[in-house]
2 protein chains.
Amino acid sequence: MAGREFFTALTVAEALAGFRPARRSAVESVARENLLHRVPAADVLAPHDLPGFARATVDGFAVRAADTYGASDGLPAYLELAGTVRMGHAPDVAVPAHGAVAIPTGAVLPDGADAVVMVEYTAETMPGTIEVTRPVAPGGGLVRADDDVAAGEVLVRTGRPLRAPDLGLLASAGVGSVDVHARPRVAILSTGDEVVPADTPELTAGQVRDATASALAALIRDAGGEPVYAGIVPDDQGALTEALSKALAAADLVVVSAGSSVGARDETASAVADLGDIWCHGLAIKPGKPTILAECGGIPLIGLPGNPLSALVVFRLVGVPLVWRIAGCGTPPPEPRTRARLARNVASQAGRLDVIQVALRDGMAEPLHGPSALLSVLARADGCVLVPEPATGLDAGSEVEVVLYA
Amino acid sequence: MAGREFFTALTVAEALAGFRPARRSAVESVARENLLHRVPAADVLAPHDLPGFARATVDGFAVRAADTYGASDGLPAYLELAGTVRMGHAPDVAVPAHGAVAIPTGAVLPDGADAVVMVEYTAETMPGTIEVTRPVAPGGGLVRADDDVAAGEVLVRTGRPLRAPDLGLLASAGVGSVDVHARPRVAILSTGDEVVPADTPELTAGQVRDATASALAALIRDAGGEPVYAGIVPDDQGALTEALSKALAAADLVVVSAGSSVGARDETASAVADLGDIWCHGLAIKPGKPTILAECGGIPLIGLPGNPLSALVVFRLVGVPLVWRIAGCGTPPPEPRTRARLARNVASQAGRLDVIQVALRDGMAEPLHGPSALLSVLARADGCVLVPEPATGLDAGSEVEVVLYA
């Protein structure tokens, strides 16, 4: 393995644009009822026309449009009632010239007809004779057999997570399962002599439970991934290298908390460099500077800062798009955003992206400060404001875009 | 049962504000790893202080702040190195007057210290003596034992779906499970003589597979609910009443497609009226006018329009907030939105909400027209534009807010 290191500090935009690992998760066939938000590995084509037959879209009478031309309240067209189409059945009658067949919304257009006139513009003044008081154009009041999707056309597209209407279309077409990318397996490796599992009932002095792993697992699930806990390793380079090798062997992406002290961070970087190429060490972002992006034997790896808040901020910006990418989705689904006015001045350093946690109240965004060691700051936030690299701060009262936490 | 009918047509805003069923889903205890987006039934309090001990937030030296006052590059303070704190362990040394103890980020502050000076502002010029070149204030370089959350304070709040940082806080506090509202069970009842199950391999003339049920199930899952298929009933009032009674007995919310023809819609309304109170029949919205909101023996019921597109538009606006409400969440999580310019004029009728499906391209919102019988219109849309009740249309080029489909 290489141990090369390419960039020492990049902007987040440079990292997102440049770090594009080729890794994709495997393809698996998944039943329709479990396809929500999954990404098709290839376009799915319609096996037959949808809806499959010309259907009325109004309650009324199937007619030949030409028979209604010129019809008005003063001078109605008179058509002979030839029969009725029953919902869900083939018509047992055709529409003759100067004839009409009663039809409910959704039923099959009978032969001979090329339009459906709405019942509101008709009257059966004499039994068996339909008076039409408004003309209808050919194609009016109906959809054609292939108007929804024609046979062989794309039913659902590759590269985009499936949404509710897509599942409806698949159901319409009778497609029972689709080949989709497997949920990317994302290994979470925690490091630190002080870190103990979250289910540790009693702590001794200096110990903390592993908060980051639980929170990261949630972000991974939101991004369509499958979190895999790879355990907690002490601040020891040998143990770390071993745990990383094991995690890399079983995952599509490895996320490792890089340790909060300088020594622990150096150990993480060394262990990663032993196993592959460090593509970038350091991001121009606060919080989150000591971030590592690497590729080890084809598996992407993110070394996150040791503080839980910093780790989550970076993973949301850099890790979430990567999880989607591994699942074959180039553009992650949109995030909720809103506009608000800053309640207070915010300081920022030119050349780095500042991520400010904010609480929203009455259209005002109140910056929440506090050390990035405190996860409660993130839990209290309604969203965050990104202060771009060129800015040296934002003034109270300025309009900002808030990325909302859903 | 009553059979009363209260309102014949309301705006969507009136319906959302006024139709507020008291039904809540049951409370169940759920393990932490499955709590994402679940709604706590009560506030969860911190069982102990978090982080639980005063911790360094920088690499450096634990000191008595007063010993550093006035220190500068020209006139450093000289402190005696009294020992080192190991990560994850109780300190075995206290900080004496004019003393310093080496400490890594995250380790326990030793007794006697009230600040941590960053290693960058120190030098060990002689073995055992630390030169400090910048003063630190009491509390600098550390977080206190209860800075994240104090014992007995709210750790996670009731009424709001749990997010990633909340799960981190629960892990920090060692909370293994939380009482949350059960996923609301939402029964989906499809009606129509023409509707057959989605897994029907071959259709006969006039039949359509049940697309709406699959798409509704996806929207229900996105809203944190549990869809329960209650089957397909023909357009027959007796069968419908029986199926509705059965669905109501086993669900927190019943959703029924009200049929697409006028006759089928009337039957649905009659069946619902037999079983409870129709609170509203008809919404001032397009598509989606023939919507029913009802309450039957304490269980809310939504009668949706028969067209799949209309049904999904109405369920997204009216049903999704109701599912969240039943789970104890008053304000649903925010939806993604963006601003765009309309590519074409859009017509609208004053007095009703018009929901326009749009495709986004280069900041332009292109309205997608087509009969509401076509689900493909919704599948192709990136989002929708709501034209409010007073407007009679929107001009091409005007800036609009697009609700994005995630």
For B:V254, state whether it is in contact with a Cys (Cβ under 8 Å, 6 or more places away or on another chain) and assigned to a helix (DSSP H, G or I). no
Considering residues of the stretch B:163-178 that are more than 8 Å from every other protein chain (Cβ to nearest Cβ) and over 24 Å from B:A107 (Cα atoms) only, the residue nearest to the chain's Cα centre (by Cα): B:V178
May I ask you to verify whether A:R316 is basic (K, R) and touching an Asp or Glu at 6+ places or on another chain (Cβ under 7 Å)? no
Report, by residue number, each residue of the stretch B:43-79 that is basic (K, R) and in a loop (DSSP other than H, G, I, E, B). B:R64
Would you please name the residue that is farthest from B:V196 (Cα to Cα), looking only at residues in the stretch B:234-256 that are β-branched (V, I, T) and either crowded, with 24+ Cβ neighbours inside 10 Å or not assigned by TED's automatic domain parsing to the domain that holds B:A213 (or both)? B:V254
Just to be sure, is B:V85 more than 11 Å from chain A (Cβ to nearest Cβ) and in contact with a strand residue (DSSP E or B) (Cβ under 6 Å, 6 or more places away or on another chain)? no
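Yes or no, residue by residue, for (1) buried (at least 20 other Cβ atoms within 10 Å of the Cβ); (2) in contact with an Asp or Glu (Cβ under 7 Å, 6 or more places away or on another chain):
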position: A:D274; (1), (2): no, no
position: A:D277; (1), (2): no, yes
position: A:G288; (1), (2): yes, no
position: A:I292; (1), (2): yes, no
position: A:C296; (1), (2): yes, no
position: A:P300; (1), (2): yes, no
The stretch B:11-20, residues that are out of contact with any Phe, Trp or Tyr (no Cβ under 9 Å at 6 or more places or on another chain) and under 20 Å from B:P184 (Cα atoms): B:L16, B:R20
Of the residues that make up the stretch B:110-123, is at least one more than 13 Å from B:A62 (Cβ to Cβ), surrounded by fewer than 23 Cβ atoms within 10 Å (Cβ to Cβ), touching an Asp or Glu at 6+ places or on another chain (Cβ under 8 Å) and modelled with pLDDT of 95 or more? yes
Where residues in the stretch A:61-92 are crowded, with 20+ Cβ neighbours inside 10 Å and among the aliphatic types (A, V, I, L, M), which of them is nearest to the chain's Cα centre (by Cα)? A:M87
Checking the condition under 24 Å from B:P290 (Cα atoms) and crowded, with 22+ Cβ neighbours inside 10 Å, which residue from B:G351, B:G393, B:G383 passes? B:G383
Matching residues in the stretch A:91-124 - criterion: being farther than 20 Å from B:V262 by Cα and among the aliphatic types (A, V, I, L, M): A:V93, A:A94, A:V95, A:A97, A:A113
Is it true that some residue in the stretch A:5-27 is assigned to a strand (DSSP E or B), touching an Asp or Glu at 6+ places or on another chain (Cβ under 6 Å) and surrounded by fewer than 17 Cβ atoms within 10 Å (Cβ to Cβ)? yes
Taking A:L155, is it in contact with a strand residue (DSSP E or B) (Cβ under 6 Å, 6 or more places away or on another chain) and either within 30 Å of B:D49 (Cβ to Cβ) or more than 14 Å from chain B (Cβ to nearest Cβ) (or both)? no
Boolean, A:V95 is buried (at least 21 other Cβ atoms within 10 Å of the Cβ) and more than 10 Å from every other protein chain (Cβ to nearest Cβ): yes
Counting only residues in the stretch A:26-52 that are among the small types (G, A, S) and more than 10 Å from A:V178 (Cα to Cα), the one farthest from the other protein chains (Cβ to nearest Cβ) is identified as A:A26
Return the residues of the stretch B:179-229 that are within 7 Å of chain A (Cβ to nearest Cβ), charged (D, E, K, R) and more than 33 Å from the chain's Cα centre (by Cα); say none if nothing qualifies. B:D193, B:E194
Out of A:G263, A:G282, A:G259, A:G306, which single residue is over 27 Å from A:S25 (Cβ atoms), crowded, with 24+ Cβ neighbours inside 10 Å, out of contact with any helix residue (DSSP H, G or I) (no Cβ under 6 Å at 6 or more places or on another chain) and at pLDDT below 95? A:G306
Residues of the stretch A:177-215 classified as assigned to a loop (DSSP other than H, G, I, E, B), surrounded by fewer than 22 Cβ atoms within 10 Å (Cβ to Cβ) and in contact (Cβ under 8 Å) with a residue 60 or more places away in the chain, total: 1
Which condition breaks for A:T105 when tested against (1) part of a loop (DSSP other than H, G, I, E, B); (2) touching a Leu at 6+ places or on another chain (Cβ under 6 Å); (3) β-branched (V, I, T)? (2)
Report whether or not B:A359 is aliphatic (A, V, I, L, M), surrounded by 14 or more Cβ atoms within 10 Å (Cβ to Cβ) and without any contact (Cβ under 8 Å) to a residue 12 or more places away in the chain. no
Within the stretch A:98-139, count every residue that is in contact with a helix residue (DSSP H, G or I) (Cβ under 7 Å, 6 or more places away or on another chain) and not charged (D, E, K, R). 10
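The values are calculated or read from the model by the stated rules, or taken from the named source; none is laboratory data. The shown structure was predicted, so the numbers you read here are calculated from the model rather than taken from an experiment. In this analysis, Cβ positions are derived from the backbone assuming ideal geometry, glycine residues included, and neighbour counts consider all displayed protein chains.
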